[in-house]
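Take a look at the structure set out below.
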Amino acid sequence: MFFREIDRDVKLSLSIPQYAEELFELTDKNRDFLKQWLPWLDNVQEVADTREFLKSQLPRFQKGQALHITILYRDRIAGVVGFNQIDSINNIGYVGYWLGEEYNGRGIMTKSVKELIEIGYSYYSLNRIDIRCAVENSRSRAIPERLEFKNEGIIRNAEKVYVKYLDHVVYGLLKKDSF
């Protein structure tokens, strides 16, 4: 199984259905916090919804189309990170992530995204990593900014999150410009 230890507190694991209960509990506990930025929370109402989602990600991983990773902080699930889509024709990985509110501000996501970038370059031969964040989501935007991604502009009304449309900032990192 895919497992990476970043430091003594933070570990990354391939998301598997066995994580469904704890991941659902984290999602449910953070529903109000996450709902301002993520449009899919109404589709996750019970553990079975999380389990089915995790099951659906495994064939995508097997085919090299995506990589869904569970972030463990001190052996508790803290959130997720991964390539929501891997474009193997153009060698681009599209990153998505979220953390439970109680895990924010500890550097967990910055470390996790940095490790994901290394995985993308080493195992998927990516040339470009793409992160899109809501313009107003300063915490999410801080991740690519800390990791020296280039701000490449704004896409207006890029995502509908319940009753409103959010503009996205597009951040890109090319392999040749990486740390």
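Here are the numbers for the structure shown:
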{"item": "Estimated FRET transfer efficiency when R0 is 22 angstrom, pair Lys164-Asn43 (beta carbons, to 0.05)", "result": "0.80"}
{"item": "Length-normalised contact order for the chain - Cα pairs under 8 Å, 6+ apart - percent", "result": "18"}
{"item": "Dipole magnitude (debye, nearest 20) for the range 48-169, charges at Cβ of Lys, Arg, Asp, Glu", "result": "100"}
{"item": "MRE, 222 nm, helices only [DSSP H, n ≥ 4, -39500 (n - 2.57), over the chain, to nearest 500]", "result": "-9500 deg cm²/dmol"}
{"item": "Charge sum, other residues only, whose C-beta stays under 11 Å from Arg8's C-beta, Lys/Arg counted +1 and Asp/Glu -1", "result": "-2"}
{"item": "Whole-angstrom gap from the range 121-179 to the range 10-88, using each part's C-alpha centre", "result": "19"}
{"item": "Alpha-carbon spread of the chain, three principal axes, descending order, Å", "result": "41, 39, 31"}
{"item": "Out-of-range pairs (alpha-carbon distance over 22 Å; input Lys11/Lys160; Lys114/Lys176; Lys63/Lys176; Lys35/Lys164; Lys29/Lys63)", "result": "Lys11/Lys160; Lys63/Lys176; Lys29/Lys63"}
{"item": "FRET efficiency, 1/(1 + (r/R0)^6) with R0 25 Å, evaluated for Asn151 and Gln36 via beta carbons", "result": "0.70"}
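Bear in mind these aren't lab numbers, they're just calculated from the coordinates by the rules spelled out. Treat the numbers as computed from the prediction; the structure is a model and nothing was measured. Here Cβ is always computed from backbone atoms with ideal geometry, including for glycine, and neighbour counts include all displayed protein chains.
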